[in-house]
Protein chains: 2
Amino acid sequence: MTISSQEARAFSRAQGARFVEELFAFLRIPSLSGDPAYAPDVRRAAEWLAEHMQGLGLANVQVMETAGHPVVYGEWLGAGPDKPTVLVYGHYDVVPAEMSDGWQTPPFEPVERDGRIYARGATDDKGQLFIHVKALEAYLKTSGAAPINVKFLIEGEEEVSSPNLRPFIEAHLDLLKADVCVISDSSMRTIDEPAITHSLRGMTYLEIEVTGPTDDLHSGFWGGATHNPALALVEILGKLYHPDNTIAVPGFYDDVVALTDEERAMIAKTDLSEAQFKQSTGVPDVWGDRTYTIRERVSARPTLDINGLWSGWSGPGPKTIIPAKASAKLSSRLVANQNPHKIYAQIKAYIESITPPTVKVTVKLLTTGEPALIDFNLPAMQAAARAYEKGWGATPVFTRGGGSIPVVADFVTLMQIPVVMMGYGLDDDGLHAANESYSIEMFQRGIETAIVYLEELAAL
Amino acid sequence: MTISSQEARAFSRAQGARFVEELFAFLRIPSLSGDPAYAPDVRRAAEWLAEHMQGLGLANVQVMETAGHPVVYGEWLGAGPDKPTVLVYGHYDVVPAEMSDGWQTPPFEPVERDGRIYARGATDDKGQLFIHVKALEAYLKTSGAAPINVKFLIEGEEEVSSPNLRPFIEAHLDLLKADVCVISDSSMRTIDEPAITHSLRGMTYLEIEVTGPTDDLHSGFWGGATHNPALALVEILGKLYHPDNTIAVPGFYDDVVALTDEERAMIAKTDLSEAQFKQSTGVPDVWGDRTYTIRERVSARPTLDINGLWSGWSGPGPKTIIPAKASAKLSSRLVANQNPHKIYAQIKAYIESITPPTVKVTVKLLTTGEPALIDFNLPAMQAAARAYEKGWGATPVFTRGGGSIPVVADFVTLMQIPVVMMGYGLDDDGLHAANESYSIEMFQRGIETAIVYLEELAAL
């Protein structure tokens with residue numbers, strides 16, 4: 001029987017409504033990996049996915065234990081040992097979502113509005129990983145076979161920086177053996193400008209706590225001679241940046257490799273205007289280091305952000321206390337050659353050096369992730385470009401991604417294979433935010449592109 | 001029948017255990033005035049107190065409506081029109097308390113440990129106001145009469161700066177008519193150093209919100225070109241103080257009347273050493289404007305404190321967002337001649353002037369309270385000093401209180417009577433904090449001193 005990508009594509013279009021319904025079932029499971037209270041839901045999501053793969057005829061489907069949340073594995077090796085093997089990586093875990101963050105509909109009750117699916121995880125990454133499952137299904141249900149062998153490695157800890165994935169890969173190098181790894185967990189600017197990501201930022205995530213008095217104090221009794229920990233915290237964090245919006249942590253930029261003129265020219269192809277940036281984000285004005293373009297700042301330059309602040313009373317009405325403590329979560333997005341642990345040590349030393357003796361400070365590392373940079377002239381990368389031309393209907397650009405997929409560096413290092421990041425999301429899907437959504441048209445075109453990509457890889 | 005303070009005092013000692021049990025019942029009602037969800041409990045506390053007064057034989061007992069929480073009124077006018085009348089002011093409302101703040105036992109399930117009562121409101125102000133109720137009861141149950149007339153005005157909004165009390169007083173000047181007002185809602189340094197407060201700080205309480213993007217943003221996609229609202233907030237708040245710990249708001253100190261050498265000498269009598277301050281608060285080091293002593297800083301100088309900070313993610317684990325907004329609650333304790341509304345306008349203008357165009361800021365006034373300063377040579381003040389000598393067993397000092405009882409200025413202005421602040425609390429009772437407590441010995445000595453004070457006022 002001939003293996004036909006045309007038939008597979010036609011099948012995927014005919015079955016689109018069912019595919020979306022299946023995705024809804026997957027999205028209903030609140031698989032929040034960062035909160036221990038949701039551990040049973042994380043496992044339920046893994047089991048749902050494994051059962052689904054089993055039902056499609058994949059072999060050796062397993063929910064495999066790690067020191068944290070489990071990994072889902074499944075394979076179809078019917079193309080035989082002479083054909084290449086692609087390893088699809090994705091993640092079934094999600095970040096937190098609460099109605100109070102501004103969701104219009106409950107984040108774990110997916111709904112369709114105006115051609116978009118609204119739910120936590122819709123684009124990051126349940127919707128995008130599901131594309132590859134459905135592409136394989138389309139081949140198997142039409143031709144009974146796919147052009148190459150396919151393995152799935154879907155983890156449950158990406159949103160907490162994949163602490164157990166590197167050891168998992170090291171322990172299962174034979175099982176995972178493949179010629180190329182494909183990941184769909186990134187995005188394009190508009191639906192007609194597909195992008196292949198060849199660089200990702202790394203991450204150092206830390207928490208800082210400033211303490212002063214043993215308990216909260218009455219501000220009338222003790223105010224005036226007590227260094228308010230919330231004040232001390234803002235005084236410390238107010239010194240994270242220089243007035244020119246560069247990061248004030250000594251040594252922070254030391255290991256950053258300067259962008260070449262060629263790279264800057266490529267990045268310029270996808271630059272954002274100030275107007276576009278304001279439109280997409282809603283900010284009153286653009287900010288940052290003005291010696292770099294906006295696209296460079298959000299993808300090729302490192303950052304230091306405050307992700308959370310909390311101290312004292314935030315409920316209704318006044319409460320006249322001096323809080324006993326004040327805390328913040330900080331994270332730094334890193335670029336190639338920056339070492340997350342070295343950056344952590346630099347930030348910690350800086351914070352400690354500017355903390356006055358009137359309070360105490362503790363700095364704690366939460367997670368790290370390595371940055372990654374892939375050569376876009378590799379055959380598997382160029383095959384991906386052709387798959388977009390034929391399957392998506394547009395020539396892709398190679399871009400740097402501002403986000404972090406810590407495992408990308410691990411695949412390259414441990415498996416010695418190229419990692420091809422075919423992001424099927426849109427920049428304004430609102431991932432990690434309230435009202436995260438995913439375009440059903442993107443979902444459909446993604447499945448067709450994934451179908452063509454298997455054919456292109458077979459032809460290499 | 002002779003009116004005997006000795007018999008009343010003996011009765012109060014004999015009935016001490018019952019008095020504490022009754023106070024427990026009062027403390028069990030979570031009368032949080034700042035949170036609308038607790039409104040029914042606030043009313044329940046008012047009704048409990050009114051019923052209790054009624055049971056003791058007070059006349060004209062009423063739970064009187066205001067635009068907010070009700071006022072409890074009750075009177076005993078049996079001494080007749082030739083005798084003076086004292087108006088006892090107190091408040092039955094409390095500030096919030098949650099186990100997560102570090103309480104060892106539930107804040108609204110009072111317990112006795114080592115001679116102290118642990119509960120929210122134990123010292124502020126249920127325990128202290130109850131002293132006057134029990135002092136009157138002791139006279140009525142022994143002599144059948146008190147030496148002078150007594151009126152009670154117990155409000156339910158002190159902890160939200162008494163927004164409806166001034167209009168209430170204005171509307172009921174005849175009902176409330178008295179020769180002196182006594183308030184027990186302040187404290188002494190140690191049990192053997194009773195203090196009469198002759199000055200209180202005022203208050204300006206405000207909230208600030210910094211907004212940037214429309215929704216929370218993924219820090220990988222947008223980080224580097226977005227002015228993080230939490231960063232902008234800390235940059236703004238980090239400029240509230242000069243490096244010498246004086247407040248940087250232009251004009252802030254303009255209306256403060258300089259302390260005279262005589263006043264500074266009096267304040268020096270109750271000064272705290274750095275060691276004492278650190279011991280009482282647990283802070284690693286003392287802070288503030290070093291041109292003033294510690295006691296001056298916490299009572300005779302204005303402050304600006306951060307009472308709360310909140311932005312983004314504060315739950316477990318990492319969440320890599322740029323928060324859409326960041327907020328803070330700020331309050332300023334004011335001294336005589338500072339106008340709370342003028343101070344609000346100055347702080348608002350300063351914050352707006354240092355907010356960059358990359359974010360938006362809104363500043364909102366929550367509450368205000370006037371500062372107060374009373375002449376301690378008035379007869380009613382000197383009678384209070386004698387009451388401590390005879391009833392408490394120690395000569396009191398006249399002190400400035402760092403806290404705020406906004407209504408004190410109103411009593412002086414509207415009723416033209418002296419306000420005598422006989423605080424029966426201890427500086428380290430932990431009011432407004434976790435594990436607020438009240439010494440049972442203080443409670444007993446307070447009742448006896450209140451009994452003697454009525455006698456001293458009769459003799460004027």
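The values are calculated or read from the model by the stated rules, or taken from the named source; none is laboratory data. All figures in this text were calculated on a predicted structure; none of them were measured in a lab. FYI the Cβ positions are ideal-geometry reconstructions off the backbone, even for glycines, and counts take in every protein chain you see.
Can you find, within the range A:305-347, the residue that is farthest from A:Thr368 (Cα to Cα) among those that are more than 7 Å from chain B (Cβ to nearest Cβ) and among the charged types (D, E, K, R)? Within the range A:305-347, the match that is farthest from A:Thr368 (Cα to Cα) is A:Lys325.
Does B:Thr367 qualify as being in contact with a helix residue (DSSP H, G or I) (Cβ under 7 Å, 6 or more places away or on another chain) and part of a loop (DSSP other than H, G, I, E, B)? So B:Thr367 does not fit the description; no. The set of residues in the range B:358-388 that are within 30 Å of B:Ser327 (Cβ to Cβ), of a type in the set (A, V, I, L, M) and touching a His at 6+ places or on another chain (Cβ under 9 Å) comprises B:Val359, B:Leu365. With respect to the conditions (1) among the basic types (Lys, Arg); (2) outside any helix (DSSP H, G or I); (3) surrounded by 19 or more Cβ atoms within 10 Å (Cβ to Cβ), B:Lys83 falls short on a single one, namely (3). Within the range B:281-291, the only residue that satisfies the criterion of being more than 8 Å from chain A (Cβ to nearest Cβ) and of a type outside the set (D, E, K, R) is B:Thr291.
Evaluated against (1) surrounded by fewer than 24 Cβ atoms within 10 Å (Cβ to Cβ); (2) in contact with a His (Cβ under 9 Å, 6 or more places away or on another chain), A:Met421 falls short on exactly one condition, (1). Restricting attention to the range A:326-337, the residues being crowded, with 23+ Cβ neighbours inside 10 Å and either among the charged types (D, E, K, R) or over 19 Å from A:Val359 (Cα atoms) (or both) number 7. Among the strands (runs of 3 or more DSSP E) confined to the range A:143-202, the ones with at least 2 residues that are under 17 Å from A:Glu65 (Cβ atoms) and touching a residue at least 12 places away in the same chain (Cβ under 8 Å) are located at A:149-155. Taking first residues from the range A:33-46 that are on the phi < 0 side of the Ramachandran plot and partners that are buried (at least 16 other Cβ atoms within 10 Å of the Cβ) and basic (Lys, Arg), the Cβ contacts under 8 Å between residues at least 6 apart in sequence or on separate chains come to A:Gly34/B:Lys319.
Of the residues making up the range A:200-238, those that are over 19 Å from B:Gly223 (Cβ atoms) and more than 7 Å from chain B (Cβ to nearest Cβ) number 7.
Restricting A:Ala46, A:Ala25, A:Ala67, A:Ala59 to residues that are farther than 21 Å from A:Glu158 by Cβ and either hydrophobic (A, V, I, L, M, F, W, C) or at pLDDT below 95 (or both) narrows the list to A:Ala59. Can you find a residue that is in contact (Cβ under 8 Å) with a residue 24 or more places away in the chain, small (Gly, Ala, Ser) and touching a Ser or Thr at 6+ places or on another chain (Cβ under 9 Å) anywhere in the range A:305-313? The answer is yes; a qualifying residue exists. Residues that are surrounded by 17 or more Cβ atoms within 10 Å (Cβ to Cβ), hydrophobic (A, V, I, L, M, F, W, C), under 27 Å from the mean Cα position of the chain (by Cα) and away from chain A (no Cβ under 13 Å): does the range B:244-251 have at least one? Within the range B:244-251 (the criterion being surrounded by 17 or more Cβ atoms within 10 Å (Cβ to Cβ), hydrophobic (A, V, I, L, M, F, W, C), under 27 Å from the mean Cα position of the chain (by Cα) and away from chain A (no Cβ under 13 Å)), the answer is yes, since at least one residue qualifies. The number of residues in the range A:245-272 that are free of Cβ contacts under 8 Å to residues at least 12 places away in the same chain and hydroxyl-bearing (Ser, Thr, Tyr) comes to 1.
Is one or more of the residues making up the range B:276-299 at pLDDT below 95, surrounded by fewer than 24 Cβ atoms within 10 Å (Cβ to Cβ), of a type in the set (A, V, I, L, M, F, W, C) and assigned to a loop (DSSP other than H, G, I, E, B)? No; the residues of the range B:276-299 include none that is at pLDDT below 95, surrounded by fewer than 24 Cβ atoms within 10 Å (Cβ to Cβ), of a type in the set (A, V, I, L, M, F, W, C) and assigned to a loop (DSSP other than H, G, I, E, B). Somewhere in the range B:333-351, is a residue within 18 Å of B:Ser162 (Cβ to Cβ), among the polar types (S, T, N, Q) and modelled with pLDDT under 95? Scanning the range B:333-351 turns up no residue that is within 18 Å of B:Ser162 (Cβ to Cβ), among the polar types (S, T, N, Q) and modelled with pLDDT under 95. How about the range B:252-269: which of its residues are buried (at least 19 other Cβ atoms within 10 Å of the Cβ) and either part of a loop (DSSP other than H, G, I, E, B) or in contact with a Leu (Cβ under 7 Å, 6 or more places away or on another chain) (or both)? Across the range B:252-269, the qualifying residue is only B:Phe252.
The set of residues in the range B:14-23 that are part of a helix (DSSP H, G or I) and either over 19 Å from B:Val95 (Cβ atoms) or not assigned by TED's automatic domain parsing to the domain that holds B:Gly156 (or both) comprises B:Ala14, B:Gly16, B:Ala17, B:Arg18, B:Phe19, B:Val20, B:Glu21, B:Glu22. Out of B:Arg18, B:Arg9, B:Arg43, one residue alone is surrounded by fewer than 18 Cβ atoms within 10 Å (Cβ to Cβ) and over 22 Å from the mean Cα position of the chain (by Cα). It is B:Arg18.
The requirement of being within 14 Å of chain A (Cβ to nearest Cβ), surrounded by fewer than 21 Cβ atoms within 10 Å (Cβ to Cβ), of a type outside the set (A, V, I, L, M) and touching a residue at least 60 places away in the same chain (Cβ under 8 Å) is satisfied by B:Asp101.
The listed residues are A:Thr395, A:Thr362, A:Thr367, and the only one of them that is of a type in the set (S, T, N, Q) and within 20 Å of the chain's Cα centre (by Cα) turns out to be A:Thr367.
Return the residues of the range B:365-392 that are buried (at least 20 other Cβ atoms within 10 Å of the Cβ) and of a type in the set (D, E, K, R); say none if nothing qualifies. Within the range B:365-392, just B:Glu370 meets the criteria.
Which residues, taken from the range B:348-364, are assigned to a helix (DSSP H, G or I), within 14 Å of another protein chain (Cβ to nearest Cβ) and buried (at least 19 other Cβ atoms within 10 Å of the Cβ)?
B:Ile351
Output the number of residues of the range A:182-194 satisfying the condition of being under 23 Å from A:Val94 (Cα atoms), over 11 Å from the mean Cα position of the chain (by Cα) and at pLDDT below 95. Residues in the range A:182-194 being under 23 Å from A:Val94 (Cα atoms), over 11 Å from the mean Cα position of the chain (by Cα) and at pLDDT below 95: 2 in total.
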